[in-house]
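The values are calculated or read from the model by the stated rules, or taken from the named source; none is laboratory data. These numbers come from a predicted model, not from an experiment. Here Cβ is always computed from backbone atoms with ideal geometry, including for glycine, and neighbour counts include all displayed protein chains. Just the protein is used for accessible areas: all its heavy atoms, side chains included, with ligands, DNA and RNA removed. Shrake-Rupley method; radii C 1.70, N 1.55, O 1.52, S 1.80 Å.
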Amino acid sequence: MEQPKRELKLRDLKIFDRQDFPSYLPKLNALYDDLFSSGKGFRSRLIQMMAGPLALKAEQVHLLAQTIEFIHNASLLHDDLVDRSALRRNKPTAWLKYSPEYAVLAGDYLLARVMVNLSRYGNLRLIQYTAEIISDLLEGEWIQDTLVDDWNVGLGQLDQVHNLKTASLFKWCLRAPFLIRENYSEELHELLEEMGGLLGLLFQRSDDLLDFDVRNGEGKAILGDLKSGYLNSFGAFLAHGLSPEQKSRLKDCTTLEEIGQVVGEGKFQARVAEFDEINQRFIDLYLHHADSLAELLPDKERPLVSNLKQLPHPLYWRK
Amino acid sequence: MPGEFITLSRQDERCREYLLGRIEPQIQALPVKSFAVDSSREKVTFQVLPMNQLLRPPLWVVLAQAFRLNELNLTWAPLAVVAAWLWAQGTDFSGLVLALALLALSGVQGGIFLLNDFYDHMRGLDRLSSRRGSQVIQRGWLRAWQARLWAWGMLGLGGSLGLLALGLASPPGGFLPLALLVSFALIAGLILAWAPRRLRRWALPDLFIFLSLGPALTLGLALLLGGEGGQEVLALGAVFGLLALLSFHLRGLESLKAEHSWLGRLGFDRSHRLLLWELRLFPLLSFALLWFWGTPLWAWGASPLLALGCWGLLLPDLQVGRSPWSSSLRQLGAKTLALHGALGAWLMILSLYGFR
């Protein structure tokens, strides 16, 4: 059945519509109402940012934005259950409010919906790439689960996990608009893949710093990862070089003051500065790749590059 | 460290110069990313830094890491035991030949390792995994052309010293068997340094490692020092060869996703189970090898040390490793090497004092 055309309004892009899901399934729409009523929708905004210079049609933008938000939120539903998290966006998680079974099935349903929508659209390369991204996401989640309670995990190992779990969605956001336009240039997509990987890395590392209350303007709850037995990227960076005794004390910390006592307050700030310096280098590398991207695009698409160049700094520095 | 980036296509002749490090001496170009690795479309992104921004340790530290001196016991340990045993047997050999053999082995081993790093760098394989090789080129401590020069220099020095040792030696049965063994080891080493990925899938590197760090090595050393190439020497070589191979496998488990080896084809679960059994059985297998074909002294001497090492030191770390990313797996390779060195030292002492 042909879908009615939806007029594109950048700010009013509605990801979830009750019409798209069966009303005879109890609690499903209520669960999705909760899920999609909050969240920043960063990934769908990224799609919209790509859409303008590429002159995508309204229904294409809607399809891509909905796809990425469905995949992202499906992963959140499953993640919260795997991690036994109590809160998501300051609200009770779906598996607690409804049931673990509903949380799993609701996540699966979103992924199934993605496949239905994309296959109706009919772009095989887009479907294939989306399926690969979903499997990367799951692979990353699987590997991350094996690293819980591993207090000697290295930054390199975590980067591999985040490249699968977090960065894959950013890569999709950069590549999918070109795929839907049927631009399959290998050189272009390799570059976009790398840029998406860097954005994902920066996003994750910034989020990991938030967990240690660094640039936590949103006032998010802190040390959640540590309390769950998971050393995030900044935690691994901080723990590198500590003695086994210090690592043992670190994992029992429940406040920042205790962490400061373990590693030394001055040392903590110094490590933040070092971490920032490393990540600033990744921002510089991303900007270099954006310049290379400009050489691959026709004139009318080049404004996209200046849009993309604006992303990494606020993404990482949170300002 | 701030620095500019430049991306060059393989078709651009500057790319090769940048990879080799043949650029202005006041700057260094570190490759940070390769697109389409090992293909004609490959592009390499370099970070260009002023030399004074690179924190480089003293040259001796750089070279020690480049030649992986911490892995020298792979050849020194068997040499020490063979020499001690022959001496205890009453074989009259030249200390000069022994010293030359030691230096020759060090040169060849270090040269092959560094040459491997050079080829991995030029082909972009070291950009696929940050734990590959000595990392001296990736960190900008040595330019690639310098690494190649040092590698061939060490190979040349090792080869020359080896030829000198051969010239001074009086192997029973003539030079031919020894010459064949040495040629085999050199060719095997060069192939390993250069091995295309498809070779690694068929366990050929495993076979080379076992032979060239095992029976071929001990047999060659025994012949060089004027001893007979008897079954004791082969049994000893088999134990050292298997231990070297175990170290190689344990390190391979960690890089299962990136490596195109037969272990990678088995997958993590089966490789993990296989290695657990290897560790459990290795002390028993070694005892049997050394008891039936080696010497009882070695058999009884090696077993407690190997049992302690395999069952007490390595097995617990391997058992808790839940995936190739587990931190406990990262330490296994180094611990196995330490065990290899300890075994060599202990058997050498036993051989020296056991026959008094």
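Loop-only trypsin sites (Lys or Arg not before Pro) in segment A:136-186, please: DSSP not H, G, I, E or B, and at most 10 other Cβ atoms within 10 Å.
Filter output for segment A:136-186: empty list.
Let a ≥ b ≥ c be the square roots of the eigenvalues of the Cα gyration tensor of segment A:95-137; is it rounded (a/c under 1.5), or, if not, prolate (a/b larger than b/c) or oblate?
Working: a/c = 5.55, a/b = 2.20, b/c = 2.52.
Taking the square roots of the gyration eigenvalues as a ≥ b ≥ c, segment A:95-137 is oblate.
Multiplying the sequence separation of A:Q261 and A:A131 by 0.36 nm and subtracting their Cα-Cα distance, what value in nm do you get?
42.2 nm
Report the calculated FRET efficiency for A:K91 and A:A294 (r = Cβ-Cβ distance, R0 = 35 Å), to the nearest 0.05.
0.25
If contacts are Cα pairs under 8 angstrom and at least 6 residues apart, what is the relative contact order of segment A:150-319 in percent?
Here the relative contact order equals 27 percent.
Is the C-alpha gyration tensor of segment B:59-354 telling us rounded, prolate or oblate? Criteria: a/c under 1.5 is rounded; beyond that, a/b larger than b/c is prolate, otherwise oblate.
Because a/c hits 1.5 or more and a/b fails to exceed b/c, segment B:59-354 counts as oblate.
Based on the Cβ-Cβ distance of B:L163 and B:L313, what FRET efficiency does E = 1/(1 + (r/R0)^6) give at R0 = 30 Å, to the nearest 0.05?
Values: r = 40 Å, r/R0 = 1.32.
Approximately 0.15, to the nearest 0.05.
Lysine pairs in segment A:1-122 with alpha-carbon atoms under 26 Å apart, 8 or more places apart or on different chains: how many are there?
Taking the Cα cut-off of 26 Å, the pair count is 16.
When you look at the Cβ of every residue in B:40-47, what mean number of other chain Cβ atoms sits within 10 Å?
Neighbouring Cβ atoms belonging to other protein chains average 2 per residue here.
Loop-only check: which GluC sites (Glu not before Pro) in segment A:156-227 are DSSP coil with at most 12 other Cβ within 10 angstrom?
A:E182, A:E218
In segment A:150-319, what is the count of Lys pairs whose alpha carbons are under 24 Å apart, counting only pairs at least 8 residues apart or on separate chains?
Taking segment A:150-319 as the scope, the lysine pair count is 17.
So how much accessible surface do B and A hide from each other in total, probe 1.4 Å, in square angstrom to the nearest 100? Walk me through the intermediate numbers first.
On the way: alone 16860 and 15800 Å², together 30690 Å².
Its buried surface, counting both partners, is about 2000 Å².
Over segment A:1-122, with the other protein chains present, what is the accessible area per residue in square angstrom, probe 1.4 angstrom?
55
If each of B:L207 and A:D33 carries a label point 7 Å out from its Cα toward its Cβ, how far apart are those two points in nm?
Result for the modelled spin labels: 6.9 nm.
Extending each Cα 7 Å along its Cβ direction at B:E4 and B:K335, get the distance between those two points in nm, one decimal.
Simple spin-label model gives 4.9 nm for this pair.
Averaged over its residues, how many other protein chain Cβ atoms are within 10 Å of peptide B:300-311's Cβ atoms?
Across the residues of B:300-311, the mean count of other-chain Cβ atoms within 10 Å is 0.
Give the accessible area for B:S40 in Å² (nearest 10); use a 1.4 Å probe, count only protein heavy atoms, and leave out ligands, DNA and RNA.
90
Put a dot 7 Å past each Cα toward the Cβ at A:E245 and A:K309; how far apart are the dots in nm?
Simple spin-label model gives 5.3 nm for this pair.
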